[in-house]
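For reference, the structure is listed below as structure tokens.
Read-outs: derived from the displayed coordinates by stated rules, not from any lab. Bear in mind that the values here come from a model prediction, so they are computed numbers and not experimental data. Positions of Cβ are backbone-derived with ideal geometry, glycine not excepted, and every protein chain shown enters the neighbour counts.
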Amino acid sequence: MILALGIVLVAIPGCDFVQSVMPAPSGSKLAVADFADEDNQSQVSLSESEASEALVASGLRPAAPLYFPSAADDAMETFFDVQVAPGESVIVDSLIGQVNGRPIYADEVLSPLADQLNAEYATLVEDASSPNWEQFQATLIRLVGAQLQELVLNELYLSEARASLNAEERTGLMAFMQQLREELVGERGGVFGEAQQQIMQEEGLGWEEYLKTQEDQLLIRTLMQEKIQPNVMMSWKDVERLYNARIDEFQPDPSVMLGRIRIRTEGNEEKIKTVQEMLDAGDSFEVVAAWAGMPDDGAWDTFKMGDGGVTDIEVAEFYKEHLKGLGPDETSKSFVRGSYTIWVSVIEITKAEHQDLYDPKVQAALQGEILGKRMNRARKQFIDDLLQEGIYDNLDQMQMRVIAIALSRYKEGR
């Protein structure tokens with residue numbers, strides 16, 4: 001009934017219309033029969049029990065009720081997906097500790113790792129060339145430690161976030177979550193049941209579980225913004241200092257790639273003569289070097305150049321006098337050094353592009369690097385403070401309990 005309007009809207013079974021009925025006079029009572037039309041009683045749908053009786057009487061089997069697996073059902077299916085031999089025992093679950101008064105169970109740590117651990121264990125059992133049992137244990141311990149720490153930190157984050165909310169913020173959070181519910185339903189056709197099923201299919205979570213996850217993420221993001229970001233400071237001097245510390249990266253010196261042919265002089269007079277003739281005839285240095293049997297077609301090394309050009313490089317002094325005046329694709333005359341006859345060539349000169357401090361892209365990169373490092377430092381300090389102030393059981397003991405339970409599910413040689 002919509003009492004404020006004084007109108008009752010009644011849907012009559014079996015009819016395709018809705019009647020509007022004015023409220024009954026004061027003192028009189030309305031019965032269900034007052035709204036029934038005896039002419040339409042034969043069109044009224046049977047109840048579930050009546051329909052089942054009719055089917056049985058006809059020799060048919062009643063339809064089984066529809067079942068939609070919930071997030072809890074899926075979790076339990078994964079949870080008990082453990083191969084156990086007759087006579088063996090497996091710890092199904094156990095309280096491993098508490099965080100700020102909330103009990104933490106082993107499966108909260110192990111369920112998110114189930115697929116990965118099962119895959120690792122299946123490889124160990126089925127593949128003789130797979131990592132041995134000790135390596136599997138090491139992997140399990142590493143994964144459990146990381147997952148337990150993440151779980152404990154999330155609990156500490158959420159406890160701190162909820163404790164920091166004032167009355168106005170709590171009201172705002174409730175309004176935001178109500179709006180999120182409406183948006184989730186509206187985006188999925190406007191039918192609540194359909195939205196539930198789609199969330200289960202898309203996220204693998206039940207409706208309330210998904211909303212709880214979204215609320216937790218919002219609280220943690222807000223906590224980080226309020227507790228960490230204000231402690232991250234950066235000035236122009238910081239950007240300038242980092243730029244100058246990495247000046248070689250942003251303003252690199254030009255470089256020169258040199259080639260070299262080196263042939264032992266004694267006994268190779270004809271070969272040396274041919275090399276010089278080929279170079280004089282205009283054959284490229286790379287072709288001549290390959291003919292002479294030099295590795296990498298004679299490519300020697302790349303050197304940074306100073307202001308003095310190709311002679312202002314870090315190379316032995318006796319080379320510099322033969323490099324003087326050479327440009328790209330030019331080769332020196334032969335010269336003898338010790339037991340060898342040598343030619344040097346300037347293969348390529350590269351002048352790298354300089355990136356100025358006032359380039360917006362350079363500034364953005366430097367600022368991002370500084371903020372990233374300082375955010376990590378501030379986050380680590382915040383975590384250390386939470387761990388000192390939070391009330392929780394010994395992490396090492398909690399981890400050992402989870403590991404013991406996990407190893408009872410994955411036994412060597414099972």
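The HN-Hα couplings worked out from phi for region 175-190 by the Karplus form 6.51 cos²θ - 1.76 cosθ + 1.60 (θ = phi - 60°) are 5, 5, 5, 5, 5, 4, 4, 5, 5, 4, 5, x, 5, 10, x, x Hz, whole numbers, x standing for Gly and Pro.
Classify region 279-318 from the C-alpha gyration tensor, please: rounded if a/c falls under 1.5, else prolate or oblate depending on whether a/b exceeds b/c. It is prolate, given that a/c is not under 1.5 and a/b is the larger ratio.
3J(HN,Hα) along region 164-174, derived from phi through the Karplus expression 6.51 cos²θ - 1.76 cosθ + 1.60 where θ = phi - 60°, amounts to 7, 6, 8, 4, 5, 5, 5, 5, x, 5, 4 Hz, with x in place of Gly and Pro. Projecting label points 7 angstrom from Cα along Cα→Cβ for residue 236 and residue 255 puts them 3.4 nm apart. Using a Förster distance of 60 Å, how high is the FRET efficiency between residue 225 and residue 135, based on the Cβ-Cβ distance and rounded to 0.05? That gives a FRET efficiency of 0.90. Post the alpha-carbon centroid distance, region 277-337 to region 97-126, in whole angstrom. Cα centroid to Cα centroid, the span is 64 Å. Local charge sum around residue 245 (other residues, Cβ-Cβ under 12 Å, Lys/Arg +1, Asp/Glu -1)? Residues near residue 245 contribute -3 overall. Amide H contacts of residue 98 (H built 1.01 Å from N, in plane; Pro and chain starts excluded): 104, 393 sit under 5 Å, all sequence-distant by 5 or more or on other chains. So what's region 253-350 giving for Rg/Rh, alpha carbon basis, Kirkwood Rh from the mean inverse pair distance? Using Cα coordinates only, the ratio equals 0.96. A simple rule links phi to the HN-Hα coupling: the Karplus curve 6.51 cos²θ - 1.76 cosθ + 1.60 with θ = phi - 60°, which for region 357-369 gives 4, 8, 5, x, 5, 5, 4, 4, 5, 5, 4, x, 5 Hz, with x for Gly and Pro.
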